[in-house]
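The values are calculated or read from the model by the stated rules, or taken from the named source; none is laboratory data. Worth saying up front: this structure is predicted, and the values here are computed from it rather than measured. Cβ: placed from backbone, ideal geometry, glycine included. Neighbour counts: every protein chain shown. Accessible surface areas use protein heavy atoms only, side chains included; no ligands, DNA or RNA. Shrake-Rupley method; radii C 1.70, N 1.55, O 1.52, S 1.80 Å.
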There are 2 protein chains.
Amino acid sequence: MLSEICLPLGMARHDVAKLDELIKERIRIPKGSALFHLGDKAEAVFGIRSGSLKTQLEDAGGQVQITGFLLPGEIIGMDGLLENRQVSHAIALEDSEVCVIRIDEMDQLSQHIPVLHQQLRRLMSKEINRSHQLVMSLGSLRSEQRLAAFLINLSQRLATLGYSSSEFVLRMSREEIGNYLGLTLETVSRLFSRFAREGVLHIQQRQVHIVDMPTLRTLAGTDCG
Amino acid sequence: MLSEICLPLGMARHDVAKLDELIKERIRIPKGSALFHLGDKAEAVFGIRSGSLKTQLEDAGGQVQITGFLLPGEIIGMDGLLENRQVSHAIALEDSEVCVIRIDEMDQLSQHIPVLHQQLRRLMSKEINRSHQLVMSLGSLRSEQRLAAFLINLSQRLATLGYSSSEFVLRMSREEIGNYLGLTLETVSRLFSRFAREGVLHIQQRQVHIVDMPTLRTLAGTDCG
DNA sequence: CGTCTCCTTGAAGGCGATCAAGTTCAGTGG
DNA sequence: CCACTGAACTTGATCGCCTTCAAGGAGACG
């Protein structure tokens with residue numbers, strides 16, 4: 001059960017039992033505090049059990065760029081495995097809980113469970129793909145398309161978790177959405193207002209209700225030619 | 001020697017010998033042709049031995065986004081490991097040669113060379129970081145800063161390969177640079193002209209000579225506060 | 001009830017896109 | 001050798017999207 005949240009992978013059942021040993025350690029992160037900071041030693045990756053987090057880069061000048069919003073079942077911290085140093089900050093958007101997957105322990109365990117490496121590899125590949133999708137969004141979509149695509153993506157991931165795909169609460173601020181999408185908070189706010197005015201969705205603060213998903217997909221501009 | 005190009009990792013010498021077995025297969029890719037296309041079966045990743053390639057995503061509407069320019073020593077195709085299907089196109093910018101690293105063979109070999117998994121993991125983490133840097137560039141830099149940062153990055157990677165960091169030939173067109181940086185080819189051209197006018201660099205077609213690296217770093221806006 | 005944070009909305013301006021000619025250069029064939 | 005051709009690049013003029021600046025509104029919490 002834990003392992004299905006932390007490494008939802010499709011492994012043999014008896015392997016999953018061994019895996020449970022690996023990921024028995026958990027950490028609670030209160031809203032607004034950090035799971036790790038840039039520069040921290042990175043000896044593990046973290047599977048999100050509950051809540052949600054953001055990861056953000058910070059350059060020498062203090063400029064921040066959010067690179068992801070992570071939901072339960074997703075893995076955080078894989079970008080730190082290069083030099084065993086975290087290169088980003090991971091901050092909880094709400095009270096959250098993660099399980100700790102120590103890399104050295106995983107390496108030992110995977111001598112008995114060879115597929116384990118494949119699974120982590122797939123998760124890292126997924127992270128690469130996720131980031132490439134964001135690049136595509138930032139590089140070639142206009143503001144309206146970016147926000148629409150963002151909402152659709154969020155909707156789908158929430159649906160996978162068993163939540164409603166049409167009604168949900170944004171855990172992040174307009175400013176955070178804007179930063180993530182390469183827009184200003186004002187632009188995000190205006191777009192929400194416009195989408196609501198056009199009857200595509202209802203929005204009240206952070207409560208979102210997608211009314212017309214087909215039109216939203218059209219706005220995203222990625223469902224046809 | 002081959003392995004140092006294909007997996008430049010810092011492994012024990014006797015391990016490297018075994019690794020040579022793994023990566024004995026090579027492929028030559030003529031300029032303009034593809035190493036792989038979107039949808040191809042992905043059973044391997046590829047280490048670039050010589051030349052250079054670009055990777056590009058393509059959405060349902062045919063919209064293209066270049067996600068990377070790859071140089072010798074770098075690995076291509078790691079984004080296809082999620083579903084064993086390529087999710088991008090890899091196209092040679094010049095006549096190039098890659099070595100093939102079959103994933104299943106690598107898994108077998110790494111039972112004898114445990115560090116091998118770590119190395120691939122580090123390379124994948126590096127790819128995640130690379131993509132995140134691009135997100136940062138697209139999300140929070142202005143056109144001038146993006147192109148400056150792009151040139152500095154290219155310069156550093158060429159220096160690592162033993163080439164001059166101040167004089168080199170761009171293997172990609174203005175349009176490709178623009179696509180990669182989320183700009184139009186006209187904007188890229190104008191920026192090159194402006195940089196040259198301001199004495200930061202000389203440019204003649206694709207031949208670049210960086211004259212004033214400190215100023216270029218200032219333009220990139222990432223070297224100080 | 002005041003204060004603070006987050007959000008909304010308006011007005012003005014700038015940066016990069018778009019449209020439109022020219023220019024350079026490598027390759028081709030007369 | 002040189003004109004022809006087409007692709008890649010440069011440069012200019014105009015336009016529009018998004019940012020910036022500014023002010024006001026909505027909740028949350030002491």
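Here are some notes:
- Subset of the stretch A:148-179 that is β-branched (V, I, T) and away from DNA strand D (no atom under 14 Å from the Cβ) - its residue that is farthest from B:M136 (Cα to Cα): A:T160
- All positions within the stretch B:107-118 that are open to solvent by 10 Å² or more (accessible area, probe 1.4 Å) and in contact with an Asp or Glu (Cβ under 9 Å, 6 or more places away or on another chain): B:L109, B:H112, B:P114, B:V115, B:H117, B:Q118
- Top-ranked residue of the stretch A:198-218 - restricted to ones that are over 23 Å from the mean Cα position of the chain (by Cα) and either open to solvent by less than 60 Å² (accessible area, probe 1.4 Å) or not polar (S, T, N, Q) (or both), ranked as nearest to DNA strand D (Cβ to nearest atom): A:H202
- Test: residue in the stretch A:96-106 that is surrounded by 19 or more Cβ atoms within 10 Å (Cβ to Cβ), free of Cβ contacts under 8 Å to residues at least 40 places away in the same chain and not acidic (D, E): no
- Annotation: A:A159 fulfils all but one of (1) without any contact (Cβ under 8 Å) to a residue 12 or more places away in the chain; (2) open to solvent by 20 Å² or more (accessible area, probe 1.4 Å); (3) within 16 Å of A:R206 (Cβ to Cβ); the unmet one is (3).
- Residue check, B:F195 under 19 Å from the mean Cα position of the chain (by Cα), open to solvent by less than 40 Å² (accessible area, probe 1.4 Å) and aromatic (F, W, Y): no
- Answer residue from the stretch A:79-135, given it is out of contact with any helix residue (DSSP H, G or I) (no Cβ under 9 Å at 6 or more places or on another chain) and small (G, A, S) and is farthest from A:L170 (Cα to Cα) among those: A:A90
- Candidates B:R121, B:R85, B:R142 - the one that is closer than 30 Å to A:Q111 by Cβ, free of Cβ contacts under 8 Å to residues at least 60 places away in the same chain, more than 10 Å from chain A (Cβ to nearest Cβ) and surrounded by fewer than 23 Cβ atoms within 10 Å (Cβ to Cβ): B:R85
- Against the list (1) out of contact with any strand residue (DSSP E or B) (no Cβ under 6 Å at 6 or more places or on another chain); (2) within 14 Å of DNA strand C (Cβ to nearest atom), the condition B:T222 fails is (2).
- Count - residues of the stretch B:31-82 that are open to solvent by 30 Å² or more (accessible area, probe 1.4 Å) and at the interface with chain A (Cβ under 10 Å from one of its Cβ atoms): 8
- Residue in the stretch B:146-167 that is part of a strand (DSSP E or B) and either more than 9 Å from DNA strand C (Cβ to nearest atom) or in the same structural domain as B:G73 (by TED's automatic domain parsing) (or both) present: yes
- Test for A:S137: is it among the hydroxyl-bearing types (S, T, Y) and open to solvent by less than 20 Å² (accessible area, probe 1.4 Å): yes
- Members of the stretch A:168-193 found to be of a type in the set (S, T, N, Q) and more than 7 Å from DNA strand C (Cβ to nearest atom), listed by number: A:N179, A:T184, A:T187
- Scanning the stretch B:190-225 for residues that are among the small types (G, A, S) and in contact (Cβ under 8 Å) with a residue 60 or more places away in the chain, we see that the one that is farthest from A:D59 (Cα to Cα) is B:A220.
- When B:M172 is tested against (1) touching a Leu at 6+ places or on another chain (Cβ under 6 Å); (2) open to solvent by 30 Å² or more (accessible area, probe 1.4 Å); (3) in contact (Cβ under 8 Å) with a residue 60 or more places away in the chain, only condition (2) is not met.
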